[in-house]
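In what follows, a single structure is set out as structure tokens and then discussed.
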Amino acid sequence: MSIAAPAVTEQPKKRPLWRRLLVGAVIILVIGAAAQLLGWDIRDWLSNVWDTISSISAGYLVAGVALKTVQTTLTAFAWYSILHYAYPGRVRWLDVLACYAASVALNGILPANLGTLALLIMFSTIIAGATFAAILGAYAVQKIFFTVIGAFTYLYLFLSVGGSFDIKFAFVHEHPWATAIFLAGGGYLIYVLVRRLWPKVLRWWEDAKDGGAILGNLRKYMLLVFTPSLLGWIASLGVMAVFLAAYDIPVSFHTLMRIAGGNSIANVTSATPGGAGVNQAFNVASLKGIATTEQATAYSVAQQLVTTAWNIIFGIILVVWAFGWSGGKQLVGESYEGAKAKTAEQRAARAERKAAKREAKAAEQG
């Protein structure tokens, strides 16, 4: 009785080093040309980065980059905990870290937080059996901490301003009936809105609940998701503190909260890549009375340029490490295209709904 020898699969030969370097150089040239066409002057940007780096002490740069790395890693670990609980045995830590680092880098150079949408698509691509709805459910769970900490920041700023209650609630004493009508009417409108949307929320959660399974174990959620997110947020405050100190701007908890609140609003309202310009305006406003306009602008520009440059480097290193050069390039590229397609689909769906409403209204009037 003879035993058939196992088939030997021929391993594909690696391309010569010079050819891989040539391909890499061509890719860099193509990216540079595309950026030039889109109006992003890479040479000018790199020149600004170098000028900024050379104007700050190396100790501040190392501390800022280290804290930014800690922030990214801890936030990625919270993501990993959510996904690992939902899909045990199907999620690798390095893959999640690489995808999250790539999305942070993309958000620094793409408008409207497209990097976040690309992240959700990347996760639904690399995790076997994961649907986009389930990954969206995981995203909702991941956002719980940031919603809570955002509310804390705004509440702190509201309460810490001297005379807040006298100033902000003066209208309550001056116009009691208008206040009562406003609160009652607003409460009723919120009730109607929730009542209309609740069935849709329940249907969505039915599809998405697999991704948010860790919420069923509150202890694990607090230990593996909430706590790392909190530590990552503290690291982000550390990044701000380092760059404030680099420009001799007094560092205090109140100052950090003012900047965090301004950055939060800028992130929501900005449509520019990485919030460029908008962040600077909010930072200058947040530091009014604490630093000069020149100091505030220099701090804001330096922090954004240095952290964006580091995020890009860190993201590229991790993506290549996790997926290889070709695989990583394909994953990020396809996810970016998918994010643009998803955004276009959402716009088209909204336009269709508006058109349907207009047609229905016209039919009723006719």
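The values are calculated or read from the model by the stated rules, or taken from the named source; none is laboratory data. Everything numeric in this text was worked out from a predicted model, so none of it was measured. When we count neighbours, we look across all protein chains shown, and the Cβ atoms used for this are built from the backbone with ideal geometry, even at glycine.
Scan the range 183-242 for residues that are surrounded by fewer than 17 Cβ atoms within 10 Å (Cβ to Cβ) and polar (S, T, N, Q) and jot them down.
Selection gives N217, T227.
Going by what's in this entry, would L83 be described as within 18 Å of Q304 (Cβ to Cβ), part of a helix (DSSP H, G or I), modelled with pLDDT of 55 or more and aliphatic (A, V, I, L, M)? Steps first, please.
Numbers: within 18 Å of Q304 (Cβ to Cβ): no; part of a helix (DSSP H, G or I): yes; modelled with pLDDT of 55 or more: yes; aliphatic (A, V, I, L, M): yes.
Answer is no for this residue.
Taking the range 250-261, which residues are buried (at least 21 other Cβ atoms within 10 Å of the Cβ) and aliphatic (A, V, I, L, M)?
Looking only at the range 250-261, we keep the residues that are buried (at least 21 other Cβ atoms within 10 Å of the Cβ), and these are 258-260.
Answer for the range 250-261, where residues must be buried (at least 21 other Cβ atoms within 10 Å of the Cβ) and aliphatic (A, V, I, L, M): I259, A260.
Going through the range 84-134 one residue at a time, which ones are under 16 Å from K209 (Cα atoms) and within 14 Å of the chain's Cα centre (by Cα)?
Matches in the range 84-134: L120 only.
Select, from A105, A118, A78, A98, the only residue that is over 22 Å from I144 (Cα atoms), of a type outside the set (D, E) and in contact with a Leu (Cβ under 8 Å, 6 or more places away or on another chain).
Working: A105 fails: in contact with a Leu (Cβ under 8 Å, 6 or more places away or on another chain); A118 fails: over 22 Å from I144 (Cα atoms); A78 fails: over 22 Å from I144 (Cα atoms).
Result: A98 is the single residue among A105, A118, A78, A98 that is over 22 Å from I144 (Cα atoms), of a type outside the set (D, E) and in contact with a Leu (Cβ under 8 Å, 6 or more places away or on another chain).
Look through L202, L224, L231 and report the one residue that is in a helix (DSSP H, G or I) and at pLDDT below 95.
L202
Can you run down the residue pairs with Cβ atoms below 7 Å, 6 or more apart or on separate chains, where the first is in the range 147-176 and at pLDDT below 80 and the partner is of a type in the set (V, I, T) and in a helix (DSSP H, G or I)?
Note: pairs meeting the criteria are F171/T179; V172/T179.
For the range 58-72, name all the residues that are without any contact (Cβ under 8 Å) to a residue 40 or more places away in the chain and either small (G, A, S) or surrounded by 18 or more Cβ atoms within 10 Å (Cβ to Cβ) (or both).
Residues of the range 58-72 without any contact (Cβ under 8 Å) to a residue 40 or more places away in the chain: 58-59, 62, 66.
Selection gives A58, G59, A66.
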